[in-house]
1. Do you know which residues across the stretch 39-52 are assigned to a loop (DSSP other than H, G, I, E, B), modelled with pLDDT of 90 or more and open to solvent by 60 Å² or more (accessible area, probe 1.4 Å)?
2. Need the failing condition index for residue 55 against (1) assigned to a loop (DSSP other than H, G, I, E, B); (2) within 12 Å of the chain's Cα centre (by Cα); (3) more than 20 Å from residue 17 (Cα to Cα), just the number.
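The values are calculated or read from the model by the stated rules, or taken from the named source; none is laboratory data. All figures in this text were calculated on a predicted structure; none of them were measured in a lab. Surface accessibility is based on the protein's heavy atoms, side chains included, excluding ligands, DNA and RNA. Shrake-Rupley method; radii C 1.70, N 1.55, O 1.52, S 1.80 Å.
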Amino acid sequence: MKGKEFLEISEMSESEAKAYLEKIRWPDGPVCPHCDNKANIYNLKGKAHRSGLYKCGECRRQFSATVGTIMH
């Protein structure tokens, strides 16, 4: 990674970093890491849910872009 790109990534806000990670991990939209479902994925919003949390309509499990990664 080039120095300039690293500097730009290090200056991202938390929400920008989450969006960037999601774009890298799921270029065509979220995919459930538990059952590999690509359809019926719901973005959970509201006071009771942290940002970037999804729920699979098939296996009904919750996940985020960090599930199954070193950042989990």
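1. Residue satisfying the conditions is 40 alone.
2. (1)
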